[in-house]
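Take a look at the structure set out below.
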Amino acid sequence: MFQKITLLALMVTIVSCQKKETAEKGKIKLADWLIGNWENTSTDGKLTENWQKVNDSTFSATSHFIKGKDTLHFENIVLAQKGETLTYIATVKGQNEDKPVSFPSTSESNTKLVFENPKHDYPQKITYTKGANSTLVAEITGKLNGKVTTERFIMVKK
């Protein structure tokens, strides 16, 4: 009888651990729609973000803004889930001594991801919204030179 109870307790533990592991990876699954190559071309230049899945808890991306032959902005991005926390980690060439800056998520859904770091100089908030017809809206918001500023980038999946 003791062996049966021990075996049953062991099985319950294994099943509950598997469910917890699946739940822990659930938030990053909400961001699956980011995977792919996104682009916005305007008279100011060409913005691209290329997202790929690294594993079941991590995505990575590169973001470029090119005007003519000049790269005006280059950024490496990691979207990682550790436990119940989804974090956007940006490393921008030439900023913050080329060190990564973390933005923990404050809201996640199948169509919108919001990340905030109120201690960062600019931006303090990063939002990705899944739009209609294979579009993506990336928005950065925060205080810049004492004034609240929002920049919006509408990209199309390529």
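The values are calculated or read from the model by the stated rules, or taken from the named source; none is laboratory data. Keep in mind that this is a model prediction, so the values were computed, not measured. Quick reminder, even Gly has a Cβ in these numbers, built from the backbone with ideal geometry, and neighbours come from all protein chains shown.
The sole residue among Ala31, Ala23 that is at pLDDT 50 or above and among the aliphatic types (A, V, I, L, M) is Ala31.
What about Thr85, is it modelled with pLDDT of 95 or more and among the hydroxyl-bearing types (Ser, Thr, Tyr)? It is false that Thr85 is modelled with pLDDT of 95 or more and among the hydroxyl-bearing types (Ser, Thr, Tyr). Across region 111-131, the number of residues qualifying as touching an Asp or Glu at 6+ places or on another chain (Cβ under 9 Å) and assigned to a strand (DSSP E or B) comes to 6.
Among the residues of region 124-153, what is the count of those that are within 16 Å of the chain's Cα centre (by Cα) and touching a residue at least 24 places away in the same chain (Cβ under 8 Å)? Qualifying residue count for the region: 6.
Just wondering, is there one or more residues in region 102-109 that are of a type outside the set (Gly, Ala, Ser), surrounded by 15 or more Cβ atoms within 10 Å (Cβ to Cβ) and at pLDDT 95 or above?
Among the residues of region 102-109, at least one is of a type outside the set (Gly, Ala, Ser), surrounded by 15 or more Cβ atoms within 10 Å (Cβ to Cβ) and at pLDDT 95 or above, which makes the answer yes.
Could you please find all residues in region 132-158 being among the charged types (D, E, K, R) and in a strand (DSSP E or B)? Within region 132-158, Glu139, Lys143, Lys147, Glu151, Arg152, Lys157 meet the criteria. Taking (1) without any contact (Cβ under 8 Å) to a residue 60 or more places away in the chain; (2) under 17 Å from Phe153 (Cα atoms); (3) surrounded by 15 or more Cβ atoms within 10 Å (Cβ to Cβ) in turn, Thr91 satisfies each apart from (2). If you filter region 64-78 down to residues that are within 18 Å of the chain's Cα centre (by Cα) and of a type in the set (Val, Ile, Thr), you find that the one that is farthest from Lys93 (Cα to Cα) is Val78. Can you tell me which residue within region 130-158, out of those that are hydroxyl-bearing (Ser, Thr, Tyr) and surrounded by fewer than 17 Cβ atoms within 10 Å (Cβ to Cβ), is farthest from Leu79 (Cα to Cα)? The extreme case among them is Thr149.
Across region 25-63, which residue is surrounded by the fewest Cβ atoms within 10 Å (Cβ to Cβ) among those that are in contact (Cβ under 8 Å) with a residue 12 or more places away in the chain and more than 16 Å from the chain's Cα centre (by Cα)? Filtering region 25-63 for residues that are in contact (Cβ under 8 Å) with a residue 12 or more places away in the chain and more than 16 Å from the chain's Cα centre (by Cα), the one surrounded by the fewest Cβ atoms within 10 Å (Cβ to Cβ) comes out as Asp44.
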